[in-house]
Amino acid sequence: MPSIHYLKDTFWIAYSVSGQGTGLLRSKTGKAEGPYEDWGKSEGGLTYITAGGADPSLFQDDDGSVYWLWSPAWIAKMKDDLTGLAGPPRLLTCEPRIQGSGDVLVGDGGPFLFKADGTYHLCASALTPRLGIHTDDTFVATSEELTGPYSKEELMVPHGGQTTVFRDAEGGYKATFCGRDRFAVFRDKAGIVRAGSAYVPMDE
């Protein structure tokens, strides 16, 4: 699932192509509607950020450093011009749900990182047998350090799937929602979740 970000005075779209890795588009006008251009390393007719992986997103820390994330929870610092990775990737891990188990990932897809009040929050989607079937939920874990380790994951958005989190004009946080299982409030429609409220379709 592609994600859109605003940093370095323009909009960027992080995306993946099945079997061909992850890529980045840069708005040439600084506007969300573009037009966009491929941004990254060009090789064999393809422009990409990583040759493998899926569901990427961007994160900019307080010092201006930008990081590339991709499934299940890889992270790597990017070059200043965002044309590629500046160093080797690292897998972000969390405390296992069951002590001694090898389950140390927040989720299995669509990692998204944001920072609030000095704390890092790592979100990801995961299929879990929470209701006796495999529900596609959104989980979150926290850490005081960018590279973790992160806390035990907590359910963030039931049936939410992959998410992005943004701050609204009033300073509150909202999470995007895409119902991916049959128990979701709605499916195949973009939506947002406000703190203390129900799911809100984007077109209502």
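Calculated FRET efficiency, residue 17 to residue 65, Cβ-Cβ distance, R0 = 25 Å: about 0.45 to the nearest 0.05.
What part of the accessible area of the chain, given as a whole %, is carbon or sulfur when the probe is 1.4 angstrom?
Numbers: 5420 of 10560 Å².
With neighbouring chains kept in place, the figure for the chain is 51 percent.
In this calculation the C-beta distance from residue 108 to residue 28 is compared with R0 = 41 Å, giving a FRET efficiency of 0.75.
Based on Cβ point charges of +1 for Lys and Arg and -1 for Asp and Glu, what charge dipole magnitude is obtained for segment 47-204 about its Cα centre, in debye rounded to the nearest 20? Mind dumping the intermediate values first?
Working: 14 positive and 22 negative charges, 78 e Å.
The calculated dipole for segment 47-204 is roughly 380 debye.
If R0 is 30 Å, the Cβ-Cβ spacing of residue 7 and residue 152 corresponds to a FRET efficiency of close to 0.50.
Rolling a 1.4 Å sphere over the protein heavy atoms, what is the accessible area per residue of the chain, to the nearest Å²?
Values: 10560 Å² over 204 residues.
Accessible area per residue: 52 Å².
When the square roots of the Cα gyration tensor eigenvalues are ordered a ≥ b ≥ c, the ratio a/c for segment 108-183 is 1.5 or more and a/b does not exceed b/c, which makes its shape oblate.
Listed values for segment 183-190 are Karplus-derived 3J(HN,Hα) couplings in whole Hz (6.51 cos²θ - 1.76 cosθ + 1.60, θ = phi - 60°), namely 9, 5, 4, 8, 10, 6, 8, 5, and x replaces Gly and Pro. Using a probe of 1.4 Å, the accessible surface attributed to residue 192 totals some 20 Å² when neighbouring protein chains are kept in position.
Put 81, 188 in order of accessible area, highest first, and with a 1.4 Å probe you get 188, 81. Once all protein chains are placed together, residue 95 keeps about 90 Å² accessible to a 1.4 angstrom probe.
Shown in residue order for segment 55-72 are the 3J(HN,Hα) couplings computed by the Karplus curve 6.51 cos²θ - 1.76 cosθ + 1.60 at θ = phi - 60°: 6, x, 8, 10, 9, 10, 7, 4, 8, x, 5, 10, 10, 9, 10, 8, 5, x Hz (x for Gly and Pro). Against the criterion of solvent-accessible heavy-atom surface with a 1.4 angstrom probe, 58, 131 sort, most first, into 131, 58.
When nucleic acids and ligands are ignored and a 1.4 Å probe is applied, residue 79 ends up with an accessible area of around 100 Å².
Per the Kirkwood formula applied to alpha carbons, the chain shows a radius of gyration over Rh ratio, Rg over Rh, of 0.96.
The values are calculated or read from the model by the stated rules, or taken from the named source; none is laboratory data. Everything numeric here is computed off the predicted structure, so don't read it as measured data. Please note: Cβ atoms are built from the backbone with ideal geometry, for glycine as well, and neighbour counts cover all protein chains shown. Side chains included, ligands, DNA and RNA excluded: accessible areas come from the protein's heavy atoms. Shrake-Rupley method; radii C 1.70, N 1.55, O 1.52, S 1.80 Å.
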